[in-house]
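The values are calculated or read from the model by the stated rules, or taken from the named source; none is laboratory data. Since this is a predicted model, take the numbers as computed values, not measurements. No Cβ is skipped: glycine too gets one built from the backbone with ideal geometry, and neighbour counts run over all protein chains shown. Side chains are part of the model used for accessible areas, which takes the heavy atoms of the whole protein and leaves out ligands, DNA and RNA. Shrake-Rupley method; radii C 1.70, N 1.55, O 1.52, S 1.80 Å.
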Amino acid sequence: MKRVLIYGEYSGYGKSLSQGFRDLGHHSSVFSPTGDNWKEISVNYCLDNRSKISKLLSLAKLIPKFLRYDVVYIMNPYFFSVSLLGPLVLLLFWLFNKKVFLLCCGADVEYIKTGEAGELNRWVYNGVGLPSPSFYKRKRDIFVNYLCAKVSRKIIPVMYDYQFCWKQSAFSHKLSNVVPLACDGQVTSIKSTDVNKIVIMHGISRAELKGSDVIIDALNYINVKYDNVEVLFPERLSQKEYLDLFEKVDISIDQCKSNSYGMNGVYALLQGHVLLSSCSKEFHDSLSIEEIPVIHIEEDVSDIISKLESILLNPEELKNIKKSSQNYASYLHNPKRVANKLEEIELSCQ
């Protein structure tokens, strides 16, 4: 048995991955500075965020515990920022000969650089701009990004978008194949399809990055045209509240501005929803999978309406896709399977 530390949390991916390693018989824990903000995701280690001093003191107390772990998976360089003593922690991981791996998950220096250069065909910041002119461009961001990549034995992308961007970097020789997101969402009975009331949901978080304005316009049109449709737009719910709402839903729309669906989409698939989201040919190719029961949508109102109507007008197909969705996600995003894939990469580095 080894001790595995997941350093960071995004939408339950960290705790799901940790569960996968525990399923393989290892001891595994998750550290997140905040628990992923309002989502209130339970983690093993977090910081006292009452003040800057209390945050740093609580982190200093945790560092000796972190050094007891054999393997560290970095969720994103963001979690090693200078304000979180990142360079010091990375130095200690290196000095104590920890096996460190960088998971390409979320925006980072390489993603922003490649996107701004116009090299990534679908980029979430197209048309909306960056949160600030210096977003992942400051010297400290570039330095931390370099350190994370330098100390990591392998760089492991969770989807095509990040794989492509890191392939353009100076660390492309460390890049592995895509290892998909792990999700420990509960696999329950699929909601019975009531043709008299089809419930469609689009969760609103980081709306400008998901293309929510286009998705909302399409859903408002559908809601007016079809009497048997109910549309939900949940916003800023805790993860538990959000997943409880899933039980009422037939169709989920995740996002339409990237190449790949995210954790929100995986939870929907596990629940047996029909998922409309980004799911480009490049994403298919990166996983070497031909048949993926996700309906790819463009950032275009007409395209989304057309895809929705093709489902609404064919209730039997709706039922079939639901079952295929759950079977697909239960296999591909199974935490134990994903952890095993990561372990294979780890063993290849020995």
Any pair with Cβ under 7 angstrom, 6 or more apart, that starts in segment 95-121 at a residue that is under 25 Å from R3 (Cα atoms) and at pLDDT 95 or above and ends at one that is of a type in the set (G, A, S) and not in a loop (DSSP other than H, G, I, E, B): L102/A149
Just checking, how many residues over segment 171-188 are out of contact with any helix residue (DSSP H, G or I) (no Cβ under 8 Å at 6 or more places or on another chain) and outside any helix (DSSP H, G or I)? 1
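Residues checked against (1) open to solvent by 10 Å² or more (accessible area, probe 1.4 Å); (2) not in a helix (DSSP H, G or I); (3) not hydrophobic (A, V, I, L, M, F, W, C):
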position	(1), (2), (3)
S258	no, yes, yes
H284	yes, no, yes
Y328	yes, no, yes
Q350	yes, yes, yes
Quick count over segment 40-95, residues being of a type in the set (S, T, Y) and more than 30 Å from N340 (Cβ to Cβ), is 5
Quick one: would you say I142 is open to solvent by 70 Å² or more (accessible area, probe 1.4 Å) and farther than 18 Å from G265 by Cα? yes
Could you list all residues from segment 16-38 that are modelled with pLDDT under 95 and either surrounded by fewer than 19 Cβ atoms within 10 Å (Cβ to Cβ) or out of contact with any Leu (no Cβ under 8 Å at 6 or more places or on another chain) (or both)? S32, T34, G35, D36, N37, W38
Give me the pairs: first residue in segment 214-228 and among the hydroxyl-bearing types (S, T, Y), second residue crowded, with 18+ Cβ neighbours inside 10 Å, beta-carbon distance under 7 Å, and six or more apart or on different chains, which are they? Y226/L312
List the pairs whose first member sits in segment 124-149 and is under 16 Å from C105 (Cα atoms), whose second member is exposed (fewer than 14 other Cβ atoms within 10 Å of the Cβ) and of a type in the set (S, T, N, Q), and whose Cβ atoms are under 7 Å apart, counting only residues at least 6 apart or on separate chains? none
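Residue check: is L56 part of a helix (DSSP H, G or I), touching a strand residue (DSSP E or B) at 6+ places or on another chain (Cβ under 6 Å), under 25 Å from D108 (Cα atoms) and of a type in the set (A, V, I, L, M)?
no
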Tell me yes or no: at least one residue of segment 199-212 is out of contact with any Phe, Trp or Tyr (no Cβ under 8 Å at 6 or more places or on another chain), assigned to a loop (DSSP other than H, G, I, E, B), open to solvent by 20 Å² or more (accessible area, probe 1.4 Å) and more than 19 Å from P77 (Cα to Cα). yes
Members of segment 86-100 that are surrounded by fewer than 17 Cβ atoms within 10 Å (Cβ to Cβ) and assigned to a loop (DSSP other than H, G, I, E, B): F96, N97
Which ones in segment 150-162 are buried (at least 23 other Cβ atoms within 10 Å of the Cβ) and assigned to a helix (DSSP H, G or I)? Y160, D161, Y162
Do you know which residues across segment 224-256 are among the aliphatic types (A, V, I, L, M) and surrounded by 12 or more Cβ atoms within 10 Å (Cβ to Cβ)? V229, V231, L232, L237, L243, L245, V249, I251, I253
